[in-house]
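Asks: Dropping the structure in here first, questions after.
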Amino acid sequence: SNPETGRLLHAALEPGGWNRPLRRAGDHATALYGALGRGEGAILIAGTGSICFGRAADGRQRRCGGWGHLLDDGGSGYAVGRDILAAVVRAEDGRAPATCLRGPALEAVGAKDVPGLIRFVYSPATGKRKIAALARLLEPALEAGDEAAKAIARRAAEQLAELAGPVVEGLSLQEGELALLGGVLTGCGPVRDRLKALLAARWPGLRVIPPRMDAAAGAALLALELYEKRA
């Protein structure tokens, strides 16, 4: 989506003798081709960020989400990690019941207490990926029956289901396929199961599947499709 990327690619390839057409594609497009094995259907990604992207048989495309952690990314690893930290500080000052997420969160960031946790969060060295990495603490807390963890999982599933709505309905994919990708959905069964239940209730004919191939294979399939159209 950044025009400067195209200019940089051309500048890097042309001196090496490349004189053929060059087509740029976002990682959401290559992920879709890989996950579905073709360019029709939709994918819902919940990794560090979150996005839903789809393509209809007639070539129409639609995306929802993917606007970054400061504005959006509901249901992503970053959002889950942030909500885990928020649950810890809310419990610390009595706004919420105690949560078993406290100990694992402190240990994960190398802090001895909640003030140390805050220093970690606001340190210039703490990027969004470090916050997103805390999402792995959610499933053990869910297995322990932690109420804060249950609320976080519900919120994540609901926000991800919300992302799918404009894509599935906007492209008339109610009877199509939707692949689930990203660490939150592959690594946290309760969030994935809750999301699948929400999707099934809204679109009973929608087939929710794991990805068939990865994005590298998807890039090759996309390139092959473009080649065949030019042939």
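The values are calculated or read from the model by the stated rules, or taken from the named source; none is laboratory data. On a predicted model such as this, the values are computed, not experimentally measured, just so you know. Positions of Cβ are backbone-derived with ideal geometry, glycine not excepted, and every protein chain shown enters the neighbour counts. Ligands, DNA and RNA are excluded from the accessible area calculation, which covers all protein heavy atoms including side chains. Shrake-Rupley method; radii C 1.70, N 1.55, O 1.52, S 1.80 Å.
Asks: Counting C-alpha atoms alone, how compact is segment 121-163: give Rg to one decimal and Dmax as a whole number, in angstrom.
Replies: Spelled out, the Cα radius of gyration and Dmax of segment 121-163 are 12.6, 34 Å.
Asks: Could you give the accessible area per residue of the chain, probe 1.4 Å, as a whole number in Å²?
Replies: 54 Å²
Asks: Still on this structure, I have one more. Size of segment 112-231 along its principal axes in angstrom, Cα-based, largest extent first?
Replies: Cα spread of segment 112-231 along its principal axes, largest to smallest: 63, 36, 23 Å.
Asks: Let me ask you something else. Taking trypsin sites (Lys or Arg not before Pro) that fall in a DSSP loop and have at most 13 other Cβ atoms within 10 Å as cut points, what is the longest piece of the chain between them?
Replies: Here the longest run is 113-231.
Asks: A further question on this structure: Determine the order of TRP203, TRP67, TRP18 by accessible area, beginning with the largest, at a probe radius of 1.4 Å.
Replies: Largest accessible area first, the residues go TRP67, TRP18, TRP203.
Asks: Can you give me the Rg/Rh ratio for the chain, using Cα atoms for both radii and the Kirkwood formula for Rh?
Replies: Expressed as Rg/Rh, it is 1.05.
Asks: Hey, how much of the P(r) for segment 1-62 falls beyond 14 Å, as a percent of Cα pairs?
Replies: I get 64 percent for the Cα pairs in segment 1-62 exceeding 14 Å.
Asks: Continuing with this model, one more query. Any idea what log10 I(q)/I(0) is at q = 0.13, 0.14, 0.18, 0.23 Å⁻¹ for segment 66-174, Debye with uniform C-alpha scatterers and no solvent?
Replies: -0.51, -0.58, -0.88, -1.28
Asks: Note down the nm distance, to one decimal, between modelled labels 7 Å out along Cα→Cβ at LYS112 and at ASP27.
Replies: Taking the simple label geometry, LYS112 and ASP27 are separated by 3.8 nm.
Asks: Once every DSSP H run of n ≥ 4 in the chain is given -39500 (n - 2.57) and the sum is divided by its residues, what mean residue ellipticity at 222 nm do you get, rounded to the nearest 500 deg cm²/dmol?
Replies: -16500 deg cm²/dmol
Asks: Take the chain, connect every pair of alpha-carbon atoms lying under 10 Å apart with a spring to form a Gaussian network, then pick out the residue of LEU180, LEU22, LEU32 with the largest mean-square fluctuation.
Replies: LEU22
Asks: Considering Cα pairs under 8 angstrom that are at least six residues apart, work out the relative contact order of the chain and quote it in whole percent.
Replies: Reported relative contact order: 29 percent.
Asks: Relative to the longest principal axis of the C-alpha atoms of the chain, give the angle of the C-alpha long axis of helix 215-230, reported between 0 and 90° and rounded to the nearest 10°.
Replies: So the helix axis and the longest Cα principal axis differ by about 20 degrees.
Asks: Considering only protein heavy atoms and a probe of 1.4 Å, how much of the accessible area of the chain is carbon and sulfur, as a whole percent?
Replies: Looking at the chain in its full context, I get 54 percent from C and S.
Asks: Separate question: For TYR33, what accessible area in Å² do you get when you roll a 1.4 Å probe over the heavy atoms of the protein chains, rounding to the nearest 10?
Replies: About 10 Å², ignoring ligands and nucleic acids.
Asks: Tell me, in nm to one decimal, what length is gained between ALA223 and GLU169 on full extension, where the rule is 0.36 nm per residue of separation less the Cα-Cα distance?
Replies: Gain in length upon complete extension: 16.7 nm.
Asks: If I take R0 = 45 Å and measure r between the Cβ atoms of ARG95 and LEU13 in this structure, what FRET efficiency does the formula 1/(1 + (r/R0)^6) give, to the nearest 0.05?
Replies: Efficiency at R0 = 45 Å is approximately 0.20.
Asks: Express the C-alpha Rg of segment 33-107 as a ratio against the empirical globular expectation 2.2 N^0.38 Å, rounded to two decimals.
Replies: Here the answer is 1.55, to two decimals.
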